[in-house]
Amino acid sequence: MPRDPEDTIDDKPMPLIEHLMELRTRLMWSIGAFIIAFAICYYFSRQIYGFLAAPLADILASQSGQERRMIFTALYEAFFTYLKVAFFGAVFFSFPMWATQLWLFIAPGLYRSEKKAIMPFLVASPFLFIAGAALAYYFIFPLAWKFFISFETPADAGTVAIQLEAKVSEYLSLVMHMILAFGIAFQLPVLLTLMAKVGIVSVDGLKRGRRYAIVGMFVVAAIITPPDVISQIGLALPLILLYEISILAAGWVAPKPDKDAT
């Protein structure tokens, strides 16, 4: 199919060395933004960690009514925990900068129609990631933490009490793992719709593979979430809904057959 004459590339030929210099400039801006974000996040690392620990702290306070604590068992553990918090926050807050720099580097080499097709996916991706992270933080965490804490047992005659003494590093690793897992999993509509746009998958193929996709989503949820039913179902059900949304979006953006074709 011939390309529209107005569908051009808004770029001018450049020597390889100029492309490399531009790439270096984009990388410097991205690295600079990350370093600044890391420094700011490290300064506020206690507050950020407090925000991440709030779901557990609220549940412990409501159930026991007593002051509870987290522990660390190595001298350097708390320090490296705050470094992880700062790194996690820096990646999150510097994402707009390095995503913009990446787009500014590759966009001049794209046709106008390609830019128009890709732009909605670039806009939707961070919103879907935030939606997945918010679902994990505000809905999954409280339910999952209550489930795990329910296994605490008080001391009876002749028995020893079982009480949670969470390690800061392990808790942070679990929280970051789940936030990233939910955020990345919520990119499913972007991935499937983009694949339908370029013709890798079809709407009919997505519909025929629905039953296998549902099974696969429960398997993926069981792998990337803690071993509790709440987290697994809490991720699998939204993924199923997002898969159905992907079918609708794929039908909207998929290439239409040429009516003039014989």
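Quick look at the values:
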{"read-out": "Long-range HN-HN contacts of Lys167 with modeled amide H, under 5 Å", "value": "Ile71"}
{"read-out": "Lysine pairs within the chain, Cα separation less than 18 Å, 8 or more sequence positions apart or different chains", "value": "9"}
{"read-out": "log₁₀ of I(q)/I(0) at q = 0.11, 0.15, 0.16 Å⁻¹ - segment 109-255, Debye sum with one point per alpha carbon", "value": "-0.53, -0.83, -0.90"}
{"read-out": "Kirkwood Rh, Cα atoms: Rg over Rh of segment 105-191", "value": "1.30"}
{"read-out": "Mean Cα-pair separation over length for the chain, i.e. relative contact order, pairs under 8 Å, 6 or more apart, %", "value": "22 percent"}
{"read-out": "HN-Hα J in Hz across segment 124-129 - Karplus 6.51, -1.76, 1.60, θ = phi - 60°, x for Gly and Pro", "value": "6, 4, x, 5, 5, 4"}
{"read-out": "Within the chain, longest stretch clear of exposed GluC sites (Glu not before Pro) (DSSP loop, no more than 13 other Cβ within 10 Å)", "value": "166-262"}
{"read-out": "Most mobile listed residue (Leu16, Leu172, Leu60) in the chain, GNM with C-alpha springs under 10 Å", "value": "Leu16"}
{"read-out": "In sequence order, calculated HN-Hα J values of segment 214-227 (Karplus, 6.51, -1.76, 1.60; Hz; x Gly/Pro)", "value": "4, 4, x, 5, 5, 5, 4, 4, 5, 7, 9, 10, x, x"}
{"read-out": "Within the chain: Cβ-based charge dipole about Cα centre, in debye rounded to nearest 20 (Lys, Arg +1; Asp, Glu -1)", "value": "260 debye"}
{"read-out": "Three-way shape call for segment 10-60 based on the alpha-carbon gyration tensor, with the a/c threshold at 1.5", "value": "prolate"}
{"read-out": "For semi-axes √(5λ) of the Cα gyration tensor in Å, calculated from these coordinates, the label among [x] 34, 24, 16; [y] 44, 28, 11; [z] 34, 20, 19", "value": "[y]"}
{"read-out": "Leading residue at positive end of dipole, the chain (Cβ point charges), from Thr193, Ala161, Trp98", "value": "Thr193"}
{"read-out": "Shape call, segment 34-79: gyration tensor on alpha carbons, a/c limit 1.5", "value": "oblate"}
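Computed from the coordinates by the stated procedures, all read-outs in this text should not be read as laboratory data. Remember, predicted model here, so these are calculated numbers, not experimental data. As a convention, Cβ positions derive from the backbone with ideal geometry for all residues, glycine included, and neighbour counts pool all protein chains shown.
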